[in-house]
1. In nm, give the distance between the simple-model label positions of residue 153 and residue 194, each being 7 Å from the Cα along the Cα-to-Cβ direction.
2. Taking mean projected area of the Cα convex hull in nm² as the quantity of interest, determine which of (1) 23.9; (2) 11.7; (3) 13.0 was computed from the displayed structure.
3. Using the Cβ atoms and a cut-off under 13 Å, what net charge is assigned to the surroundings of residue 164, where Lys and Arg are +1 and Asp and Glu are -1?
4. Taking the Cβ of residue 104 as the centre, find all other residues whose Cβ is under 15 Å away and add up their charges (Lys, Arg: +1; Asp, Glu: -1).
5. About the Cα centre of the chain, how large is the charge dipole given +1 on each Lys and Arg Cβ and -1 on each Asp and Glu Cβ? Please answer in debye to the nearest 20.
6. Take the stretch 8-122, drop everything but the C-alpha atoms, weight them equally and run the Debye formula without solvent; then report log10 I(q)/I(0) at 0.21 Å⁻¹ to two decimals.
7. Tell me the mean residue ellipticity at 222 nm calculated for the chain from its helices only (DSSP H runs of n ≥ 4, each -39500 (n - 2.57), averaged over every residue, nearest 500).
8. Please give the net charge around residue 26, taking every other residue with its beta carbon less than 13 angstrom from that of residue 26, where Lys and Arg add +1 and Asp and Glu add -1.
Amino acid sequence: MPTQKLSLQEYEALVEQSPIFIWRARTDALCDYFNERWLEFRGRTMEQEYGNGWADGVHPDDFNRCLKIYLDNFKNRNVFEMEYRLLRYDGVYRWVFDRGVPFYDDDNQFAGYIGSCIDVTDRVEAQETLNAKLENEIKVLKGVIPICSCCHKIRDDKEIWQRMETYISRHSEALFSHGLCPECFERESRNFLTGGAS
């Protein structure tokens, strides 16, 4: 089925009502356009975001890194991607994934950048929670663990000796299944056949 060319109004609706934030920058790296979704998210007007006004919303801890990525890639006309925290209308910083691409006019002359952002806060926070959990599990199990060289019981911090499986189960989410390694299987089979005689 042939595709039908969109009208100017349809293009405008796509850009303005898109669920992503869209921005545009001129050849001097100053932004001259933000779609409705961006302005709604920020709770600011086009005039306030214009030029470098949008950068007022970048979290102070992310600002220098964000600006360097933006300007370095702009200078070299490279596609770039970055994540940073952007201030929402309610005063809450949200993580956004921002992708900028250079665009060219009909004469193939560099005309600036077009970018899009999506809110990725839920993914970032889920990853941070997972990382914290993994770090905590590593902390719990790292260090010197006193273990009996004969029965392999482990002494806990209350000086109580426990089976290795009990100790590890209490300090991690590990589950245990039991079996015999080849050496033990051979030894136990031999003992069974000989009635335990050496």
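1. 3.0
2. Answer label, from the structure shown: (1).
3. Working: positive: 153, 155, 163, 170; negative: 156, 165.
Summing Lys/Arg as +1 and Asp/Glu as -1 gives +2.
4. Numbers: positive: 24, 26, 77; negative: 105, 106, 107.
Around residue 104, the surrounding residues sum to 0.
5. Working: 25 positive and 34 negative charges, 205 e Å.
Rounded to the nearest 20 debye, it is 980 debye.
6. -1.27
7. Working: 7 runs with 80 residues, N = 198.
Estimated from H runs of four or more residues: -12500 deg cm²/dmol.
8. Numbers: positive: 24; negative: 28, 32, 105.
Surrounding charge for residue 26 is -2.
All of the numbers you see were taken from the coordinates with simple rules; none came from a lab. All of these numbers come straight from a predicted model, not from anything done at the bench. So basically every Cβ, Gly included, is an ideal-geometry build from the backbone, and we count neighbours across all protein chains shown.
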